[in-house]
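Here is the structure we will look at.
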Amino acid sequence: MYKGVIAALVPILASAQMSITTTEQVETVLKPDVLRGSLGFEEQGKNEKLIKEHLNAIIVQVKKQDPEAKMCQGGGYYLSPQYSYKDQKREFTGYAGTLNFGCEFKEIEPYNALLAAIDKVSAPSVRKNEGALVWDVSNAQERSAQGALRLELLRKAQEQAGAFSTETGMACTVSAVRFGGVPPVIPMMAKGMMMRESADTQSPIRQDKESTLDATVEYSCTPRIP
């Protein structure tokens, strides 16, 4: 079904031509294919060398589990001195080290395996912060979907040109297509709410998302040659 909005219908009397401008939009439903989450590690103490050793042990373990960095990105740590102030005097209290990873997985088992491996080498003084795991659409799937949507929108524009030809009795063709910006992938909330009601509360929720693409399409119509 045609969903374009006619923005302009301009006859050019001098040349017996007509210009039509519409806004077209196409959409598709994407199924989340990656689990995204974050892992953070913190340690405070007065022994700078020991903090570095503890954080480096975690980095080594992550690289061992993910040698090609296909699951987790990051791994650079920050070490900064900490101070307290008393009677307008600054007093050194130690160091704070932080380490963060952003990760994505195809399923939850590799994530659990990575956590188990990290726990084996983590010092008791290191505090671990696990971000919530969320099902999301991978960048590769979104790029592929946007390419397919561009082709679909161009196909719709060609069909609409044919419809305009029938309506006006003229020969209408697509003269220009200006694609808009790529909008964010939007969760399908209604379906998501249904899934929440039946999902295991301990499992990440997987809900379909909608990807859209819009464009301004210009059509040029000329009288048919007898």
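The values are calculated or read from the model by the stated rules, or taken from the named source; none is laboratory data. All values reported here derive from a predicted model rather than from experimental measurement. Cβ placement follows ideal geometry from the backbone for every residue including glycine, while neighbour counts extend to all protein chains displayed. The accessibility values were calculated without ligands, DNA or RNA, using every heavy atom of the protein model including side chains. Shrake-Rupley method; radii C 1.70, N 1.55, O 1.52, S 1.80 Å.
The residue that is modelled with the highest pLDDT, counting only those in region 88-138 that are in a helix (DSSP H, G or I), open to solvent by 20 Å² or more (accessible area, probe 1.4 Å) and among the β-branched types (Val, Ile, Thr), is VAL121. For region 65-87, a residue qualifies if it is open to solvent by 60 Å² or more (accessible area, probe 1.4 Å) and in contact with a helix residue (DSSP H, G or I) (Cβ under 6 Å, 6 or more places away or on another chain), and the qualifying residues are GLN65, TYR77.
Taking the criterion of being open to solvent by 30 Å² or more (accessible area, probe 1.4 Å) and over 30 Å from ALA140 (Cα atoms), the residues of region 30-64 that qualify are GLU42, GLN44, LYS46, ASN47, GLU48, LYS49, LEU50, LYS52, GLU53, HIS54, ASN56, ALA57. The set of residues from region 173-222 being modelled with pLDDT under 60, open to solvent by less than 30 Å² (accessible area, probe 1.4 Å) and more than 23 Å from the chain's Cα centre (by Cα) is empty. Step by step: first the residues of region 151-172, then only those that are loosely packed, with under 14 Cβ neighbours inside 10 Å and of a type in the set (S, T, N, Q), then the one that is farthest from CYS221 (Cα to Cα). Which residue is that? For region 151-172, the residue satisfying everything is GLN158. Restricting attention to region 107-158, the residues being over 18 Å from ILE205 (Cβ atoms) and aromatic (Phe, Trp, Tyr) number 0.
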